[in-house]
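Below is one structure, written out as structure tokens; the observations come after it.
Only the coordinates and a few stated rules stand behind these numbers; no lab work does. Bear in mind that the values here come from a model prediction, so they are computed numbers and not experimental data. FYI the Cβ positions are ideal-geometry reconstructions off the backbone, even for glycines, and counts take in every protein chain you see.
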Amino acid sequence: MPPESPPPPATPQDADLRRQRLVLAARALHWRRTRRLTTILLGLWLLTGLCTVYFARELAHITVFGWPLSFYMAAQGASLVCLAIIGFYAWRMRQFDAAYARALEQAA
């Protein structure tokens, strides 16, 4: 049995094709993470906005700082949850973008 021949030398086209594949994989991962995060946070925002209104009578029996929870959520709670969602989104997207930038640097 003859010995195996060494693989052919890598051409610049092979290196460029490999780089393109790495960039496309990094881009796909970045957007998959972004879409999932956006979907989850929009769902949380929807729950905060609609469920407190829909269940206002049931939430009126729970008090927060002496006020019914339904009133508190309508007056301040929904706004605070929205600000928290925005802050979390910005923090997490900064991490996603940094990971994407590192993946692009490795591909270069």
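Summary table below
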| item | result |
| --- | --- |
| Virtual spin-label span in nm between Gln13 and Glu58, 7 Å along Cα→Cβ | 6.5 |
| Dipole magnitude of the chain about its Cα centre (Cβ charges: Lys, Arg +1; Asp, Glu -1), debye to nearest 20 | 120 |
| At q = 0.14, 0.23, 0.31 Å⁻¹, base-10 log of I(q)/I(0) for segment 27-76 (Debye sum, equal scatterers on each alpha carbon) | -0.48, -0.77, -1.04 |
| Semi-axis lengths, Å, the chain, gyration tensor of Cα atoms, sqrt of 5 times eigenvalues | 54, 13, 9 |
| Length gained when the stretch Ala25-Gln95 is fully extended (0.36 nm per residue, less Cα-Cα span) | 23.5 nm |
| Rough spin-label spacing in nm, given labels placed 7 Å along Cα→Cβ, for Thr39 and Phe65 | 3.6 |
